[in-house]
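Peer 1: Can you keep this structure in mind? I'll have questions shortly.
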Amino acid sequence: MPSASLRRWHEWMVRLGPIRYPGALFSKPQDTSVVHLTFDDGPCPKATPFVLDTLKKFDAKATFFLIGKNVQQHPDLVDRIRAEGHLMGGHSMHHENGWNTPTPEYVRSARQSLDLLEGAYFFRPPYGRLKKKQHQQLAAQGVQTVFWDVLSYDYDTQMRPKECLEHTRKRTRPGSVVVFHDSQKALPRLQGILPELLAHWRDKGWSFRTL
Ligand SMILES: [Zn+2]
């Protein structure tokens, strides 16, 4: 399992994040039979095609939070994500950690990552680490910050796919916003969990929509 301190921080975010970051999105409980799948850190030629193929099999639409430098390197994958009906949001230019980055620089990076994607205004802070001031300045520019209520831990090389699967299944509710990663690092776990999770949720009668 993920380290205890990291897990405590995640629990804290889900409980108190909505108070610390007013207006940020954590889940959409009003969506009673929908799961919101989100994929961070792409586009990635090793992982994004697998995700798109899997989503297509389940007629699932998802939201991708793309890193600006990857968008510049793989415009063909950006086109494919868009053409297949998914939504795209920004994830900064270079995966900056908000806690360690001066606010003007951070806001500029977030803005640039959004400007690469026509009309995008959803932004997910890398590592979920965001200063209150950064959140406020982004909100003032009409940017919607998106956190999550369920982490799949697919990025955690210490986790077995079965552990990721059980954790994600247990935590996900209707309206949940679930984090996955279309990255090379997460791929071994993602391949082990994504098709099974989608089948499980489909069998419960849930569908998969963009935010
Ligand atoms: Zn990320």
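The values are calculated or read from the model by the stated rules, or taken from the named source; none is laboratory data. Only a predicted model underlies this, so the values are computations on that prediction, with no experimental measurement involved. Heads up, the Cβs are rebuilt from the backbone with ideal geometry, glycines too, and the neighbour counts pull from every protein chain shown. Calculation scope for accessible area: heavy atoms of the full protein, side chains included, ligands and nucleic acids excluded. Shrake-Rupley method; radii C 1.70, N 1.55, O 1.52, S 1.80 Å.
Peer 1: Can you bin the range 59-167 into rounded, prolate or oblate? Criterion: square roots of the alpha carbon gyration tensor eigenvalues sorted a ≥ b ≥ c, rounded for a/c under 1.5, prolate for a/b above b/c, oblate for the rest.
Peer 2: Oblate shape, in that a/c is at least 1.5 and b/c is the bigger or equal ratio.
Peer 1: For a quick check of understanding: with a 1.4 angstrom probe and all protein chains in place, what accessible area in square angstrom does S33 have, to the nearest ten?
Peer 2: 50
Peer 1: For the range 1-92, what class follows from the C-alpha gyration tensor (a ≥ b ≥ c being the square roots of its eigenvalues): rounded when a/c is under 1.5, otherwise prolate if a/b is larger than b/c, else oblate?
Peer 2: Prolate shape, in that a/c is at least 1.5 and a/b is the bigger ratio.
Peer 1: Taking only DSSP H segments of four or more residues, each worth -39500 (n - 2.57), what value at 222 nm results for the chain once the sum is divided by all its residues, to the nearest 500 deg cm²/dmol?
Peer 2: Value at 222 nm, helices only: -13500 deg cm²/dmol.
Peer 1: Could you sort 156-162, 59-65, 113-119 so that the peptide with the highest average Cβ count within 10 Å comes first and the rest follow in order?
Peer 2: Per-residue mean Cβ counts within 10 Å order the peptides as 59-65, 113-119, 156-162.
Peer 1: Any idea of the accessible area per residue across the chain, 1.4 Å probe, to the nearest Å²? Please list the in-between numbers first.
Peer 2: Working: 9620 Å² over 211 residues.
With the other protein chains kept in place, the chain gives 46 Å² per residue.
Peer 1: While we're on this one: Which value, in Å² and to the nearest 10, is the accessible area of Y121 when all protein chains are kept and the probe is 1.4 Å?
Peer 2: Approximately 110 Å² for this residue.
Peer 1: Using modelled backbone amide H atoms (1.01 Å from N, in-plane), which distant-in-sequence or interchain residues come within less than 5 Å of V34's amide H?
Peer 2: Amide H neighbours of V34: G175, S207.
Peer 1: How big is the chain along each principal axis, measuring the range of its Cα positions in Å and listing the largest first?
Peer 2: Result, largest extent first: 45, 38, 34 Å.
Peer 1: Within the chain, what whole-number % of the accessible surface is contributed by carbon and sulfur, with the 1.4 Å probe and all protein chains included in the calculation?
Peer 2: Answer for the chain: carbon and sulfur cover 50 percent of the accessible area.
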